[in-house]
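Structure first, then comments.
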Amino acid sequence: MTIRWLSILIVAVGLLLIVTIIFEFILPLVAPERSWKLIPVDNVLWFVLFVTVVEVLLVVALAITLWRIHSFAGEPHDEVRAGLAIALGTGVAIALAILVLQLAVQAISEDRDLRAQRENIRFTIGISPDLTGFVRPMDPGNPSELLDLTGYRFRGKNMSVAMLTDANLRGANFVFADLNGAEMRDVILTDNKGSISDFRAANLVGADLTGAEVGNASFVDADLRNVYLCGVDLRNANLTRTDLRGAKLGEDPKDGNCEVPGQLPDMKKPQGACGPADGPAQAAEGCGAEARAVVERRK
């Protein structure tokens, strides 16, 4: 009974391994225009390694079982069967161990290449002063996903009309950056680990931050005139000396109140800040002045 179940498991796991390799590695090379995704895991290579290890263990278990049954029987044919069991287990174990080692080396190599590609993208962005119309590149490790911009440095860069919708910008540095008219709907600027995006003295005039997760991001001395902040909770954000004149605020992105200058909800006016409904006279207070000065120096 033990031999029968081990044999069934070996065949089942072996078929799973073969089908996975065919659908995840062979068919994408033959017909790359089609989606052959079969296994719902992020890293298929590690899944193949796991299944291979399970197959090795099952084959070794079967070989040991056969050896124990026939090695002490005393009949000549039993000695032959015991030898065959040992040979079977040893051969399969060695072959699959080589496969596991090969796949592991390939996985490490691919992971190293992906990290190098991501670092090259980070470096290229870091040395480019003008990123006007910037569009997030695709992630080298997942061509169907846009690149995660967590912790990127955009300090002092011209990013007018940049497309950053749905971007993960946790811990990103936008100090002195020009984001005039940028599309930033549903961006994530903070998390519960203390990673804060920095927009000090940044120019975000007319930018669209509808639905953004602002958290405790810093907008000190930033220019947010006429910015769209529909559905954005600003209660924990640092808005010291921020210019919010004409900003569109509302509880829900679909709320009609988002189309007109709103009020800062459930919070006192931050020190030195200009509110959405304030007029031109409030500019004398210095709100957003540093951001505008940076824009002037850039001209």
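A few notes on this one:
- The lone exception for Ala31 - which of (1) closer than 22 Å to Ser144 by Cα; (2) of a type in the set (Gly, Ala, Ser); (3) modelled with pLDDT of 75 or more it fails: (3)
- One residue stands out among those in the stretch 121-155 that are part of a loop (DSSP other than H, G, I, E, B) and among the aliphatic types (A, V, I, L, M): the one that is farthest from Val175 (Cα to Cα), which is Leu147.
- Among the candidates Ala177, Ala202, Ala217, Ala207, residue that is without any contact (Cβ under 8 Å) to a residue 40 or more places away in the chain and touching a Phe, Trp or Tyr at 6+ places or on another chain (Cβ under 6 Å): Ala177
- Residue within the stretch 74-82 that is open to solvent by less than 50 Å² (accessible area, probe 1.4 Å) and modelled with pLDDT under 70 present: yes
- Qualifying residues in the stretch 225-238 (those that are in contact with a strand residue (DSSP E or B) (Cβ under 9 Å, 6 or more places away or on another chain), part of a loop (DSSP other than H, G, I, E, B) and not acidic (Asp, Glu)) - the one most open to solvent (accessible area, probe 1.4 Å): Asn236
- Within the stretch 155-163, none of the residues are among the hydroxyl-bearing types (Ser, Thr, Tyr) and surrounded by fewer than 16 Cβ atoms within 10 Å (Cβ to Cβ).
- Inspection of the stretch 182-196 identifies no residue that is closer than 17 Å to Gly288 by Cα and either of a type in the set (A, V, I, L, M, F, W, C) or open to solvent by less than 60 Å² (accessible area, probe 1.4 Å) (or both).
- Answer residue from the stretch 242-272, given it is under 17 Å from Tyr228 (Cα atoms), in a loop (DSSP other than H, G, I, E, B) and modelled with pLDDT of 80 or more and is most open to solvent (accessible area, probe 1.4 Å) among those: Arg245
- In the condition set (1) in contact (Cβ under 8 Å) with a residue 40 or more places away in the chain; (2) in contact with a Phe, Trp or Tyr (Cβ under 9 Å, 6 or more places away or on another chain), Ala172 is compliant with all but (1).
The values are calculated or read from the model by the stated rules, or taken from the named source; none is laboratory data. Just so it is clear, the model here is predicted, and its values are computed rather than measured. Here Cβ is always computed from backbone atoms with ideal geometry, including for glycine, and neighbour counts include all displayed protein chains. Ligands, DNA and RNA are stripped out before the accessible areas are found, and what is left, the full protein with its side chains, is counted by its heavy atoms. Shrake-Rupley method; radii C 1.70, N 1.55, O 1.52, S 1.80 Å.
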